[in-house]
Amino acid sequence: MTASRPVVVVVAMWLMVICSSVDTVAGDDLKLFTIHVKDDMASGTPCVTRVNCTGFWNKMWPGQEFHYSDLRKSRVACTAIWNDKDSIWQAFDPWRDAGHLNVYTSIREDGFYFSFDQSNWTLISKWFS
Ligand SMILES: *[C@@H]1O[C@H](CO)[C@@H](O)[C@H](O)[C@H]1NC(C)=O
Ligand SMILES: *[C@@H]1O[C@H](CO)[C@@H](O)[C@H](O)[C@H]1NC(C)=O
């Protein structure tokens with residue numbers, strides 16, 4: 001039992017180093033960045049989508065969009081609920097998004113698309129039921 005304890009401590013310290021280093025990017029700490037989230041479900045989609053990026057739930061209808069700005073410091077994971085499905089995606093990630101002050105998410109029936117320029121969209125997460 002006592003022999004395994006130092007290993008646990010070393011692993012815990014290593015995880016702390018990894019986790020703290022991925023949360024911020026040196027030099028980008030004080031830049032304002034903006035997260036844009038748009039509901040791109042087909043119009044006529046009967047159900048509202050609920051999105052939580054900021055600590056409370058935003059109701060969204062097809063075509064609706066919201067954005068908010070923050071000081072660039074740590075990753076932002078958003079959660080969403082639609083019908084009987086839910087999901088989570090990385091709306092902002094300091095490493096992935098370094099050098100970009102605007103990040104865009106398009107919410108669609110088949111999942112969550114991410115873009116820096118609103119023309120090149122990459123599917124980054126799906127709905128789970
Ligand atoms: C919104 O998401 C955050 C982070 O996942 C969570 O801590 C918080 O409880 C959520 N807010 C609500 C109202 O569910
Ligand atoms: C589109 O975005 C992906 C992911 O960010 C990137 O790997 C790829 O190079 C981009 N393609 C173009 C044509 O910009």
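The values are calculated or read from the model by the stated rules, or taken from the named source; none is laboratory data. Bear in mind the structure is a predicted one, so any value in this text is a computation, not a measurement. Cβ coordinates were reconstructed from backbone atoms using ideal geometry, including for glycine residues, and neighbour counts include every protein chain displayed.
Below are the figures for this structure:
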item	result
Subset of region 89-129 (residues that are within 15 Å of Ile35 (Cα to Cα) and aliphatic (A, V, I, L, M))	Ala91, Ala98, Leu101, Val103, Ile107
Residue list for region 99-120, filter: under 21 Å from Ala80 (Cα atoms) and within 8 Å of ligand 2 (Cβ to nearest atom)	Phe114, Ser115, Phe116
Whichever residue in region 58-98 is β-branched (Val, Ile, Thr) and surrounded by 16 or more Cβ atoms within 10 Å (Cβ to Cβ) and, among such residues, is farthest from ligand 2 (Cβ to nearest atom)	Ile81
Residue within region 109-127 that is β-branched (Val, Ile, Thr) and exposed (fewer than 15 other Cβ atoms within 10 Å of the Cβ) present	yes
Residue ID - nearest to Gly111 (Cα to Cα), chosen from residues in region 49-84 that are more than 16 Å from ligand 1 (Cβ to nearest atom) and either among the β-branched types (Val, Ile, Thr) or part of a strand (DSSP E or B) (or both)	Glu65
Only listed residue being out of contact with any Cys (no Cβ under 7 Å at 6 or more places or on another chain) and in contact (Cβ under 8 Å) with a residue 60 or more places away in the chain, chosen from Leu123, Leu32, Leu71	Leu32
Residue match in region 37-44 (condition: closer than 22 Å to Ser119 by Cβ and exposed (fewer than 14 other Cβ atoms within 10 Å of the Cβ))	yes
Lone unmet requirement of (1) within 16 Å of ligand 2 (Cβ to nearest atom); (2) at pLDDT 95 or above; (3) touching a Phe, Trp or Tyr at 6+ places or on another chain (Cβ under 7 Å) for Trp127	(1)
